[in-house]
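Reading through the structure tokens given below for one structure.
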Amino acid sequence: MKRSTGLFILLSLLGLSTQRSTPEDDSYIAAVVEYQVHADQAVNLQNYVRLIQDATQQSADIVVFPEMTLTRGRSVVVPVNSTLKEYPVPALYPDLYDEILVTISSAARQNEIYVVVNIEEYVNCVTNPDDEYCPQSNVYLFNTNVVFDRNGAIIDRYRKINLFGEFTRTPALTPDLGVFETDFGVTFGHYICFDLMFQVPAVQVVQQRNITDIVFTTMWFSEMPYLTAVEIQQAYAQSMNVNFLAAGANNVRVGSAGSGIYSGSAGSLISIMPGQPTTRLLVAKVPKVPGLIQPQDTYPGPIYDDPTVSDNLVLITDPSLPSHVTRLLRNGSQEFMLIDRDVSCYFRVNLFQREGSTNYRYRAAAFSGVRSFSGVATGGNRICAVIACTGETIDTCGRRFDNYTSNNTGVFEELHITATLPTPHKDVELEADRAAYFPVTLNTAIMPLRSEDYSFQRMSVFNIISIYDFLLTNANVELYSFAIWGREYTTDDQLASPSSNQQDSAETTTTTTAVPTTSQPGSSASHKISITLFIGSIVIYLR
């Protein structure tokens with residue numbers, strides 16, 4: 001294995017000493033990198049070292065890099081079951097390891113910082129079958145996170161379980177969870193990109209291991225209207241009540257962008273969704289109790305570039321939208337219910353809609369079924385939503401106008417969604433819920449709303465039905481989507497639901513139920529504990 005001698009010596013001369021967080025501190029400093037990959041792997045490695053140094057200069061305890069931006073066209077052996085047991089610090093034994101591991105180990109050691117990188121891992125079960133679990137005599141390639149501690153030792157390795165295509169690679173041979181401890185009193189779970197969509201590991205690592213802090217490496221392909229990168233990152237952090245450190249690969253030509261640091265109900269501490277080629281280090285102070293922000297602390301929150309550059313992002317559209325039960329929203333006040341199988345969605349809306357061919361229209365939607373993830377996999381969904389459309393028909397939803405302009409959205413003087421859904425129960429074997437629900441929000445600049453712009457609450461009735469209450473509290477946002485977006489893991493791998501035959505659910509009485517009321521807007525008695533809604537949901541559930 002080759003050794004980058006010059007770079008290794010340089011790192012030895014650049015040791016930096018900064019104040020570390022301790023187990024007694026109520027916070028730590030985290031850094032994530034939005035990284036535009038370079039075609040030259042040596043340049044990527046040099047850039048990584050520089051960014052590690054930059055993170056250290058800002059007192060970061062941990063820095064996270066994105067998925068597949070380091071080992072361009074190159075795979076690396078990570079011998080955790082053999083060589084690393086005896087020689088855990090590649091920087092001290094450069095002749096035993098690949099240059100990439102040696103260089104990152106040296107940078108972590110010299111800068112005294114935890115580092116998480118993602119690589120393509122090579123395993124030879126033909127010549128070295130005793131080093132790894134080898135079900136077959138094959139050569140395997142894995143999508144792998146590698147974690148280095150402050151001493152440069154490799155302390156954890158996680159192999160991606162849910163591949164997004166990646167046809168040359170193999171999913172993890174065993175569904176091992178990624179977990180590592182730090183010297184500042186925080187235990188992290190970690191996983192990779194498409195893993196976020198699945199019970200194992202995204203729900204299991206939090207609930208089985210009682211994890212409150214997650215590291216996420218990703219090369220996300222953003223999808224309208226529910227799954228753009230920063231949108232789902234923030235929603236996951238809030239729903240799971242965790243600190244979430246997300247590092248995203250930057251390639252706007254394929255819609256890959258979006259990184260951030262989030263803290264439970266506090267939302268984004270710092271985040272970006274750049275519509276242009278970008279490499280950027282994001283640093284934030286993270287409370288060890290998710291969401292518990294101190295009054296004296298200030299955070300950038302979502303960082304907005306010129307919103308017109310978001311036009312450069314190539315975005316895909318959720319293919320299940322034609323299967324949604326929907327209703328076109330009109331101007332003024334309206335209350336109604338949409339029902340799809342075991343999902344009941346009650347909407348209270350007061351909308352002022354601007355006229356014009358380049359202004360968005362809106363549809364309310366309900367969905368209970370199975371969707372396709374770009375033909376790679378299928379997964380169960382339960383949704384109650386209001387989404388923007390470029391026209392009045394469902395086929396125009398989940399799309400944007402070609403050019404961003406301001407003041408082309410509706411003004412929601414009131415937007416209140418109550419969803420009644422089957423209460424998620426735990427899979428006893430996995431120690432993880434069989435379903436999860438996320439508050440997803442998006443504006444026309446492809447960023448989620450700030451956490452103070454909405455409220456999201458849940459209550460359970462007899463442990464059978466759960467009521468999710470989602471309220472927009474800021475009428476001035478340029479709203480694109482506002483949804484209670486759920487994953488039902490028990491129907492994963494089933495056939496995707498067919499398109500709905502309904503042109504508009506307002507034309508029928510089977511999917512839309514009017515809810516008469518004389519209460520004033522904001523009446524929680526009418527809205528949250530609607531007898532019609534509750535009874536209707538019980539009937540639907542028990543059918």
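Things worth noting here:
- Residue selected from region 303-322 under the condition open to solvent by 10 Å² or more (accessible area, probe 1.4 Å) and touching a strand residue (DSSP E or B) at 6+ places or on another chain (Cβ under 7 Å), by the criterion nearest to A496 (Cα to Cα): P319
- Taking the criterion of being part of a strand (DSSP E or B) and surrounded by fewer than 17 Cβ atoms within 10 Å (Cβ to Cβ), the residues of region 371-413 that qualify are S372, V411, E413.
To keep it simple, each residue is scored yes or no on (1) more than 30 Å from Y362 (Cα to Cα); (2) open to solvent by 10 Å² or more (accessible area, probe 1.4 Å); (3) in a loop (DSSP other than H, G, I, E, B).
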residue	(1), (2), (3)
T170	yes, yes, yes
D176	yes, yes, yes
G185	yes, yes, yes
P201	yes, no, no
F221	no, yes, yes
S265	no, yes, no
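- Note on region 439-492: enclosed strands (runs of 3 or more DSSP E) holding 2 or more residues that are surrounded by fewer than 24 Cβ atoms within 10 Å (Cβ to Cβ) and either modelled with pLDDT under 95 or of a type in the set (V, I, T) (or both) are 454-461, 465-472.
- Region 323-350: number of residues that are surrounded by fewer than 19 Cβ atoms within 10 Å (Cβ to Cβ), over 26 Å from the mean Cα position of the chain (by Cα) and not basic (K, R): 7
- Pairs where the first residue, in region 147-161, is polar (S, T, N, Q) and the second is part of a loop (DSSP other than H, G, I, E, B) and open to solvent by less than 20 Å² (accessible area, probe 1.4 Å), C-beta under 8 Å, 6+ apart: N151/V89
- Answer from N151, N162 - the residue that is within 15 Å of the chain's Cα centre (by Cα) and in a loop (DSSP other than H, G, I, E, B): N162
- Qualifying residue in region 43-54 (condition: under 28 Å from S256 (Cα atoms), at pLDDT 95 or above, open to solvent by less than 40 Å² (accessible area, probe 1.4 Å) and acidic (D, E)): no
- Among the residues making up region 240-260, those that are surrounded by 24 or more Cβ atoms within 10 Å (Cβ to Cβ) and either outside any strand (DSSP E or B) or under 11 Å from the mean Cα position of the chain (by Cα) (or both) are F244, L245, A246, A247, G248, A257, G258, S259, G260.
- One residue from D342, D305 being in contact with a Phe, Trp or Tyr (Cβ under 6 Å, 6 or more places away or on another chain) and among the charged types (D, E, K, R): D342
- Residue check: T212 meets all listed conditions (1) farther than 22 Å from I155 by Cα; (2) open to solvent by 10 Å² or more (accessible area, probe 1.4 Å); (3) in contact with a helix residue (DSSP H, G or I) (Cβ under 9 Å, 6 or more places away or on another chain) but one, namely (1).
- Restricting attention to region 267-283 and to residues that are open to solvent by less than 10 Å² (accessible area, probe 1.4 Å) and in contact (Cβ under 8 Å) with a residue 60 or more places away in the chain, the residue that is farthest from T441 (Cα to Cα) turns out to be L282.
The values are calculated or read from the model by the stated rules, or taken from the named source; none is laboratory data. On a predicted model such as this, the values are computed, not experimentally measured, just so you know. A quick note on method: Cβ atoms are made from the backbone with ideal geometry, for glycine too, and the neighbour counts reach across all protein chains shown. In case anyone asks, the SASA skips ligands and DNA or RNA and just uses the protein heavy atoms, side chains included. Shrake-Rupley method; radii C 1.70, N 1.55, O 1.52, S 1.80 Å.
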